[in-house]
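Report on the following structure.
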Amino acid sequence: MQLKGVVDKEKNRVLFVESDEDFVDVLFSFLTMPMGAIVKLMNIDQQATRVGCMNNLYASIEKLDVRHLRTEACRTMLLHPRNGAATLCKELKLQIHDTESPWLFCCGFPNYGSKCKLLSQYEGTICDCGEGMNYLATFVESRKKDEVSDSQGGVFVKRLARVMISDILQVMPPSTTLSFSLLSKLGVIDVTATEERTFDIGVDQVLNLLKSSLVSKTPLTDILLKPKEIPELSKETSKQHSFSLKTKSGEYTSKGKDKILIKLMLSKSNKKVCFAEVGEDFVDLFFSFLTVPLGYILKEMNGAASKGCIHHLYNSIKCLDVEKYFESNDHKEILMSPKIAPSFGYENQLLRVETVHPEYYYVPDDFYHYFSAVKPTSGIAIPLSVKDPKLSNKIAKTCGGYVMGPAMFTVTDDLIVTPISPISGVSILRKLKVPLNNVEERSVYVGSGEAVHLMVNSFISESALTDTFISQVLKVPKQES
């Protein structure tokens, strides 16, 4: 793709670019990508781009013994999470995230139709009959429920829609007045100091744009004018502290329905959380952050600024008129409130994120005429269910998440998760240089609000536990045993 832009020659910066629907669709698709997929892309280069604590969560799953997970498929799901909007995103002109339709596996051929009628998107999933689902399923057709209708235009925005995009990824209508106003805000008075340029955009540039948008305040300048420079975390002070959890004093110590109990080890002098001791239900919550789309995290930030400037992209979508720029209100809603892919949710999940309706698969019943004694009924399709890969057997109809329990784990302030060990606790204190007589133990209950707060802090902060809990915990007197 090509972009036309206006450049400040003296300061070597991009002032704004003009774009058609193809580039805008790619830009908007960033919001539908799950955080695990983004972290995976951030780690492609030797010098990985860090996104809050998300990199540590990702690395923790890579290192975790698979015996701590309910099934082997759980690791794959967390390290390579699927995009809930994959059906739309596969139409993008440039793609950096795999949106191809998944392979389908069954327990045996043709047992999945004549007996179990089950499919899996993950090879090796245990079927209800106890066999591994290792056979590639063919002759299966899929149908969608409540799918956003395909359009003849762009992916999210209308065909021939044009916009202007500033260096901080603010997307605006193509207005001469707005362009003059933008130049004035940037301190450009003498237009002879600017020039028009045309830029080629490929997959590498899109990937670098995603990276820069998460850590830099000038992502377009970074990728178009300074491509050899690796984006660094913006030195500008983030407004992350404006994102605060509004709770009444004492709520953290109040046991309630759908709340998780955790134990915090605090440094009294530094007023920081050294580490937490938690059960598998809390680790499930942490790991599920990687399955959540970027746009959903930005939605829950309620206008607070990110470390880079990706929040400007999200806020721009709010302001763009549906009738003029989007294929439909549903397409805009997918970007404003993106959902997680089917099978990635679990029972009693504290986050409020919704799950996309699953695909429904069918196979013509006359297909089995060649493999079984079942007499076909012409014109009838046999429905096939998709097995939740987190379930290891037929008895478990609902799943508590990805992590096998009962189990206890240690979680550091920057969200490095390891199976609990007295040695690891001592090691953390030694690394932080916190003496034992300076450590205080506090137990807190975590509900839905705290879970969302943790998710946001894991994205914008490198001390997620402290930023989430410390200010509230210190307000509550320590409970005497």
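Details
- Enumeration of residues in region 403-428 that are touching a Leu at 6+ places or on another chain (Cβ under 9 Å), open to solvent by 20 Å² or more (accessible area, probe 1.4 Å) and of a type outside the set (V, I, T): M404, D414, P419
- Single residue of L350, L320, L313 found to be closer than 23 Å to F286 by Cβ and not acidic (D, E): L350
- Condition check for R67: surrounded by 16 or more Cβ atoms within 10 Å (Cβ to Cβ), modelled with pLDDT of 85 or more and among the charged types (D, E, K, R): no
- In region 429-448, of all residues being open to solvent by 80 Å² or more (accessible area, probe 1.4 Å) and hydrophobic (A, V, I, L, M, F, W, C), the one that is farthest from V283 (Cα to Cα) corresponds to L436.
- Of all residue pairs spaced 6 or more apart or on separate chains, those with beta-carbon atoms under 8 Å, a first member in region 155-178 that is within 24 Å of A85 (Cβ to Cβ) and a second member that is part of a strand (DSSP E or B) and of a type in the set (F, W, Y) are F156/F326; V157/F326; K158/F326; I165/F16.
- Residues that are more than 17 Å from the chain's Cα centre (by Cα) and buried (at least 24 other Cβ atoms within 10 Å of the Cβ) were ranked within region 213-225; the one that is nearest to F459 (Cα to Cα) is S216.
- Residue in region 1-43 that is surrounded by the fewest Cβ atoms within 10 Å (Cβ to Cβ), counting only those that are in contact with a Phe, Trp or Tyr (Cβ under 7 Å, 6 or more places away or on another chain) and among the small types (G, A, S): G5
- Helices (runs of 4 or more DSSP H) completely within region 288-357 that count 2 or more residues being surrounded by fewer than 16 Cβ atoms within 10 Å (Cβ to Cβ) and among the acidic types (D, E): 329-336
- Any hit, region 246-260, residues being at pLDDT 65 or above and not in a loop (DSSP other than H, G, I, E, B): yes
The values are calculated or read from the model by the stated rules, or taken from the named source; none is laboratory data. What you are looking at is a predicted structure, and each value in this text was computed from that prediction instead of being measured. In this analysis, Cβ positions are derived from the backbone assuming ideal geometry, glycine residues included, and neighbour counts consider all displayed protein chains. For accessibility, only protein heavy atoms count, side chains too; no ligands or nucleic acids. Shrake-Rupley method; radii C 1.70, N 1.55, O 1.52, S 1.80 Å.
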